[in-house]
Amino acid sequence: MLFDRIAELTREMRAAGADLADSAAIERFRITYLSRKGHIAGLFEELKNVAREDKPRAGKELNALRETAQQILDAATERLANDTEAAQDMLDVTLPGRMSQRGHMHIVSRTIEEISDIFRRMGFSIADGPEIESDYYNFEALNFPADHPARDMQDTFFLDDEHLLRTHTTPVQIRLMERFRPPIRAIFPGKVYRNEVISARSHVQFHQIDGLFVDTDVTFADLKGTLVTFARMYYGSSLKYRFRPSFFPFTEPSAEMDISCYLCGAKGCRVCKYTGWLEILGCGMVDPNVYAHVNVDPEKYSGYAFGIGIERTAMLRHGFDDIRLLLENDMRVNHQFN
Ligand code: DAH
C-alpha cells in the first residue's frame, strides 16, 4: 500500500538522517532517496496505479516526502560545514610555538653596565655630565694648553666659539670636583664625539667611562690595585698586566694599562698586533694644575683618574674587528647579543 510505504520511508529517512556525519554518507543518502532511480522516484512511479479518488492525497504526501528528504539532506550538509569550521578554529596545542621577538640591551649598553657593576662593587658611584660642553670643561680646566692639537677643528666638533661636543667623558671630573669636596669616588659613562674619518677603527660618536678617586693619601698603588681588580674581573683572573708610561695633560704621571692577550694566550695574533699585549685604558694621578681650577688643595688631597673606551672594550671582549658593527644598528649583529 502506497501510504504505508510513504510512512515507512519517512521513518527510515529520519533515522538515517541522524547518522549523516560526512559528505560520503550525505551523498549516499541523496542517491538512495532523491536520485532519479531512488526510492522516492520509485513511489512517484506508482502514482499511476493509485485509485483515482486517492490520487490527490497520494500526490500531496509524496511531495511532502520529497521535501522531508531534501530538508534532512540540507540540515546534514549545513551541520557538516559548521563542524569543519569549528575544527579549524580549534587550538592545536601540539603545534610548535611561534617565537615572539623580545627586546634586549644593546651590546654597548651591556658593556657599560658590566663595567659599571664592577666599579660599583668597589665603592664607586655613577655620575654624568652634558654632551654639549664648553671649551673650559673639555680642555682648559683639564690642563690642555691653548695650542694642544686635540683642540684642532679636525678632532673636535665645535658648535660655536665656546661650545663643542665633548671629545671625552673626562670633563665630568671637573664638574664633580666643583660640586663636591673629596672624598670623591665615581665613574661617568657616556657618549663622546670626535671629528674623525669613519673607519673600522674610529667613528664620530662612541662611548667612554671615566673614573675619578680623590681623597687624602691616594697613591699610584691604589690606582693599580683598583684597575687590576677591574681587569681581572672583566677579562679573566689569570691575565697578566703592565702599566706603560704615557702622557695626558690632566694626569701626572700618566700611564696606559695593557693586559696579556687572552685571544692568543699572549703568543701574538692579529688583534694584539703580534705583541701579546692589549691596551685597555689610560690612567694617571690627577695633575695639580687640574686641582687649581676646582680649588682642591694638592697638599692635602691626591687622586687618580682613568678612562676606558667602551667600544674598544666590547670589541676586545667579543672579537669584533670593526667598530661600525657596534654603532650602526645592523639587527643581524644586534640580535646576536641578547
Ligand atoms: N680622556 C682620555 C681620552 O679620551 C682618556 C683618559 C686617560 C681619561 C687618562 C682619564 C685618564 O681620566 O686619567 O683619550
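Coordinate-derived values only; no laboratory data. Please read all numbers here as calculations on a predicted model, not as lab measurements. Counting neighbours? That spans all protein chains shown, and the Cβs are built from the backbone with ideal geometry, glycine included.
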Check your understanding: With the dipole of the chain worked out from charges on the C-beta (+1 for Lys and Arg, -1 for Asp and Glu) around the Cα centre, which of Pro253, Tyr274, Met285 lies farthest toward the positive end?
Key -> Tyr274
Exercise for review: Would you mind working out the magnitude of the charge dipole of the chain relative to its Cα centre, with +1 at each Lys and Arg C-beta and -1 at each Asp and Glu C-beta, to the nearest 20 Debye?
Suggested key: 1420
**Study point:** His318 versus Ser246: modelled label distance in nm, points set 7 Å from Cα along the beta carbon direction
**Key:** 2.3
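Efficiency by 1/(1 + (r/R0)^6): what FRET value for Ser109 and Asn82, r their Cβ-Cβ distance, R0 = 45 Å, to the nearest 0.05?
Plugging the Cβ-Cβ distance into 1/(1 + (r/R0)^6) gives 0.25.
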Study note, to complete from the structure: HN-Hα couplings for the range 323-338 via Karplus (6.51, -1.76, 1.60; θ = phi - 60°), in whole Hz with x for Gly/Pro, come out as 4, 5, 4, 7, 10, 10, 6, 7, 4, 5, 7, 4, 5, 7, 10, 10
Check your understanding: Roughly how many Å is it from the Cα centre of the range 131-167 to that of the range 72-97, as a whole number?
Key -> 73
Study note, to complete from the structure: Within the range 1-42, the residues whose backbone N lies under 19 Å from a label point placed 7 Å from the Cα of Asn49 along the Cα-to-Cβ direction are 1-10, 37-42
**Study point:** Percent of C-alpha pairs per 5 Å bin, the range 191-338, short to long
**Key:** 2, 9, 16, 18, 18, 16, 11, 7, 4, 1, 0
Point to revise | Rounded to whole Hz, the Karplus (6.51, -1.76, 1.60) HN-Hα couplings of the range 306-315, x for glycine and proline | key: 8, x, 10, x, 5, 4, 4, 4, 5, 5
Practice item. Tell me, for the chain, which Cys residues have no other cysteine's C-beta sitting closer than 4.7 Å. Key: Cys283
Exercise for review: Please report the relative contact order for the chain, taking Cα pairs under 8 Å with a sequence separation of at least 6, and give it as a percent rounded to a whole number.
Suggested key: 15
Study note, to complete from the structure: Long-range amide H partners of Arg201, meaning residues 5 or more apart or on another chain whose placed amide H is closer than 5 Å, are Ile323
Study note, to complete from the structure: Between Met331 and Glu67, the two model label points (7 Å from Cα along the beta-carbon direction) sit apart by a distance in nm of 6.3
Point to revise | Where GluC sites (Glu not before Pro) in DSSP loops with at most 12 other Cβ within 10 Å are excluded, longest remaining stretch of the chain | key: 1-161
Check your understanding: Tilt of helix 2-17 relative to the longest C-alpha principal axis of the chain, in degrees (0 to 90, nearest 10)?
Key -> 10
Check your understanding: What trypsin sites (Lys or Arg not before Pro) in the range 1-96 are in a loop by DSSP, with at most 14 other Cβ atoms within 10 Å of the Cβ?
Key -> Arg36, Lys37
Review point. Hey, what do the phi angles of the range 20-32 turn into as Karplus ³J(HN,Hα) couplings, whole Hz, using 6.51/-1.76/1.60 and θ = phi - 60°, x for Gly and Pro?
Key: 7, 9, 9, 5, 5, 5, 4, 5, 4, 4, 4, 5, 4
**Study point:** Normalised alpha carbon radius of gyration of the chain [divisor 2.2 N^0.38 Å]
**Key:** 2.15
Review point. Between Met233 and Met90, 0.36 nm times their residue separation minus their Cα-Cα distance comes to what?
Key: 46.2 nm
Review point. Fully extended, how many nm does the chain gain between Gln205 and Ala150 (0.36 nm per residue separation, minus their Cα-Cα distance)?
Key: 18.2 nm
Review point. How big is the charge dipole of the range 2-89 about its Cα centre, in debye rounded to the nearest 20, if each Lys and Arg gets +1 on its Cβ and each Asp and Glu gets -1 on its Cβ?
Key: 580
Exercise for review: Please give the length that would be gained between Asn338 and His293 if that part of the chain were fully extended, namely 0.36 nm times their separation in residues minus their C-alpha to C-alpha distance (nm, one decimal).
Suggested key: 11.8 nm
Check your understanding: What are the residues whose amide H is under 5 Å from the amide H of Gly284, where those residues sit 5 or more places off or on another chain and H is modelled from the backbone?
Key -> Ala255, Ala305
